[in-house]
Structure formats: C-alpha cells, structure tokens
Amino acid sequence: MTPTGNDHRRYERFEMHLPTQVQDPDGTYGATLVDLSEGGAAILTDKPRYTNDQFIELHTEGFENLHGRVVREFTGGFALEFDDEAERQRARDEIERFKAVVGKRREF
C-alpha cells in the first residue's frame, strides 16, 4: 500500500489495483480501482467514455459500494469524486479496512 499523488492533493491517495465493477445508467462494467482517497478514486476501464458529472457506483468485493460523480477522464479511465460527507466517511472506512488487510498480508 503506497500513498500516491503529489503534495497538492487535498487527500492522501492509496494505491489499490483491485478488480471492481462500475455501474452507470448503461449497465455494469468490469474495471480496476487504481487508487482511493476520502475525496475520490481513480478507475481504469475498457468502457470508452464517461462524461463529467455522470453518476457512478463502484462495487468492489469485500468493500462497501461507493458512489460518486465523474470529474475527469484520462487515458484508459476516469477520476471519481465523492460529493458528500457521508460518502467521504465511507471511503475513509474502506481505506482503513484496506490498510488492515494489506498489513495482515505483509506479516506472512
């Protein structure tokens, strides 16, 4: 688990590289959750286009579902922002759960 990003980011990001499902109004698609912070996430996907402000739901095995809106596209994926405090708290909880799991794996 490595924090990513630079000092200009508002929230610390954590690399994850976990398989996830992205649900949008058109359906559900396979994707990879690349990193997560309490403010948002980066997702890689084969789906060709997401538009800014599009509502997305992430389903990652072993984690609560996360909801947010697309704020930026990049090559091969998009950035998701969590709009409200409840969703940011859910992301904080998931980061803590992820850190606990990764820590246990490193003990072996």
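The values are calculated or read from the model by the stated rules, or taken from the named source; none is laboratory data. Source: prediction; values computed, not measured. Positions of Cβ are generated from backbone atoms using ideal geometry, with glycine treated the same way; all protein chains shown enter the neighbour counts.
How about region 51-82: which of its residues are surrounded by fewer than 17 Cβ atoms within 10 Å (Cβ to Cβ) and small (G, A, S)?
Once the filter is applied, which keeps residues that are surrounded by fewer than 17 Cβ atoms within 10 Å (Cβ to Cβ) and small (G, A, S), region 51-82 yields G62, G76.
Residues to consider are L36, L80, L44, L66; find the one that is aliphatic (A, V, I, L, M) and touching a residue at least 60 places away in the same chain (Cβ under 8 Å).
Result of the check over L36, L80, L44, L66: L36.
Could you list, ordered by first residue, the pairs with Cβ atoms under 6 Å in which the first is in region 92-108 and more than 18 Å from A41 (Cα to Cα) and surrounded by 10 or more Cβ atoms within 10 Å (Cβ to Cβ) and the second is among the acidic types (D, E) and modelled with pLDDT under 70, at least 6 apart or interchain?
Once the first residue is more than 18 Å from A41 (Cα to Cα) and surrounded by 10 or more Cβ atoms within 10 Å (Cβ to Cβ) and sits in region 92-108, no partner that is among the acidic types (D, E) and modelled with pLDDT under 70 comes close enough.
Could you say whether any residue in region 30-43 is in a loop (DSSP other than H, G, I, E, B), out of contact with any Cys (no Cβ under 6 Å at 6 or more places or on another chain) and modelled with pLDDT under 85?
Within region 30-43 (the criterion being in a loop (DSSP other than H, G, I, E, B), out of contact with any Cys (no Cβ under 6 Å at 6 or more places or on another chain) and modelled with pLDDT under 85), the answer is no, since none of the residues qualifies.
Anything in region 15-50 that is of a type outside the set (A, V, I, L, M, F, W, C), surrounded by fewer than 19 Cβ atoms within 10 Å (Cβ to Cβ) and in contact with a Leu (Cβ under 6 Å, 6 or more places away or on another chain)? List them, or say none.
Within region 15-50, T32 is the sole residue that qualifies.
Tell me whether region 11-28 contains one or more residues that are farther than 18 Å from V102 by Cα, in contact with a Phe, Trp or Tyr (Cβ under 6 Å, 6 or more places away or on another chain) and free of Cβ contacts under 8 Å to residues at least 40 places away in the same chain.
yes
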